[in-house]
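To keep things clear, I will list the structure first and then write my remarks on it.
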Amino acid sequence: MLDQINELRNLIKSFQIENENSLEEFRIKFLSKKGHINDLFEQFKLISGEEKREVGKQLNILRQETEAILESAKEKYEKKSNTQTQAFDNSLPVNAFKIGSLHPINLVKKEIIDIFNKIGFSVAYGPEIEDEWHNFSSLNFAENHPARDMQDTFFVNQDPQGNFALRTHTSSVQIRLMENERPPIRSLMPGRVYRNEAVSARSNCFFHQIEGLYIDENVSFADLKQTLYYFVSQFFGEREIRFRPSYFPFTEPSAEMDIFLGTATEQDYRLTKGTGWLEILGCGMVDPNVLINCKIDPEKYSGFAFGMGIDRITMLKYGIKDIRQMFENDLRFLQQF
Ligand code: DAH
């Protein structure tokens, strides 16, 4: 048996431990329960007499030697891998913390507000659930006007006390302002509006508008045109604009304003239906009836108003093809802004 012990000792000494894997191999091969040293201990149980003492002693020495080899190799290789995983380079930049970004609608809204801020417009907000007076009647909508129809408007309740609906436009906020403030009034009113429309790539059952209102003495249509021209030049760059006569119950005269995109690109051709002109907003001089409804003297004061859809301008600005994408909360979309 002493020969076997020496043979095993040679084997152990010639074993090359050079990494964590061979370290583990070494442990299993020699020191585990089924390893070579334990095998010899099993055999040792069977011998007797004089030999037993010497063999026992030698076996124990071998085991200690082997354990010592294992320990020193462990220090070398285990430590190495530890320091590798814990290596800490404090000059590395920290992981960027994802902090989200503004929604494209808000980006455009903010840009529009900044432009009008520079010429003295403040910002006002109103409720999204409106009564019929603020959404329709005060704005000079006739009792039987089709916009009041269920087909266009989401009514929240209909009862004899008065009907409430999700506002169909931000023009209702004009009324709230004029009821509560005296001229001069110069304000922008952004917000979400709702209409009972079929949802498609180009229209949604809710969208966003920004309303503008300026009431003072001697406000004229020329002021309206110049103000909108200023806005277009700031937002879209120098571009031709045109006003087309139109009709809104709350303005007289009324107009729609187009900007010239041209038809050079396929997208511009499509957006403008081949005309080169894209409608951007509705506007006009505030109808005297609306001023009277808000207890403002139309003999003394006049004013203009305008309203534009933020969603369409956002789609135009960023080349978004489907309005629904903006409200699906898909981070892959939102992270682009
Ligand atoms: N309220 C109109 C709409 O939703 C937009 C509008 C047109 C607003 C003319 C105005 C205006 O203030 O003067 O279609």
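Computed from the coordinates by the stated procedures, all read-outs in this text should not be read as laboratory data. Predicted model, so just to flag it, every value in this text is computed and none were measured. No Cβ is skipped: glycine too gets one built from the backbone with ideal geometry, and neighbour counts run over all protein chains shown.
Worth pointing out:
- Calculated P(r) tail over 21 Å for the range 123-212, as whole % of Cα pairs: 31 percent
- Computed from point charges on the beta carbon alone (+1 for Lys and Arg, -1 for Asp and Glu), the dipole magnitude for the chain about its Cα centre is near 980 Debye.
- The alpha-carbon of K45 sits under 21 angstrom from the alpha-carbons of these lysines, leaving out residues fewer than 8 places away in its chain: K29, K33, K34, K57.
- Fluctuation leader among A96, A222, A147 - the chain, Gaussian network, Cα springs under 10 angstrom: A96
- Choice from N19, N163, N218 showing the highest fluctuation, given a GNM over the chain with Cα pairs closer than 10 Å: N19
- Estimated distance in nm for a label pair at D152 and I113, the labels positioned 7 Å out from Cα along Cα-to-Cβ: 2.9 nm
- Per DSSP, loop trypsin sites (Lys or Arg not before Pro) in the range 273-337 with at most 16 further Cβ within 10 Å: K273, K295, K300, K321
- Pair K321, E71: separation of 7 Å Cα→Cβ label points (nm): 7.2 nm
- Spin-label model, R53/H145: points 7 Å from Cα along the beta carbon direction are separated by 11.9 nm.
- Within the range 249-290: backbone nitrogen closer than 15 Å to the A201 label point (7 Å, Cα to C-beta): 266-273
- Charge dipole (debye, nearest 20) of the range 130-191; +1 at Cβ of Lys and Arg, -1 at Cβ of Asp and Glu: 340 debye
- Evaluated over the Cα positions of the range 1-156, the convex hull gives a direction-averaged projected area, one quarter of its surface, of 24.0 nm².
- Gyration tensor verdict on the range 104-334 (Cα atoms; rounded if a/c is under 1.5, prolate if a/b is larger than b/c, oblate otherwise): oblate
- Modelled FRET efficiency - R0 45 Å, N329 with Q161, Cβ distances, 0.05 increments: 0.75
- Highest-fluctuation residue, N196, N90, N135 considered, GNM on the chain with Cα pairs under 10 Å: N90
- Straight Cα distances below 30 angstrom link K300 to the lysines K118, K225, with same-chain residues fewer than 8 positions distant left out.
- Computed over the range 173-212, the range of Cα coordinates on each principal axis works out to 41, 14, 8 Å, biggest value leading.
- The Cα center of the range 1-68 and the Cα center of the range 254-295 differ in position by 94 Å.
- Shown is the FRET efficiency for L102 and D216, computed with R0 = 30 Å from the Cβ-Cβ distance and rounded to the nearest 0.05: 0.35.
- √(5λ) per eigenvalue of the Cα gyration tensor, the range 188-261, largest first, Å: 25, 17, 13
- R0 of 45 Å, Cβ-Cβ distance K33-A87: FRET efficiency to nearest 0.05: 0.80
- Low-density loop cleavage sites - trypsin sites (Lys or Arg not before Pro) in the range 11-47, where at most 14 other Cβ are within 10 Å (DSSP): K33, K34, K45
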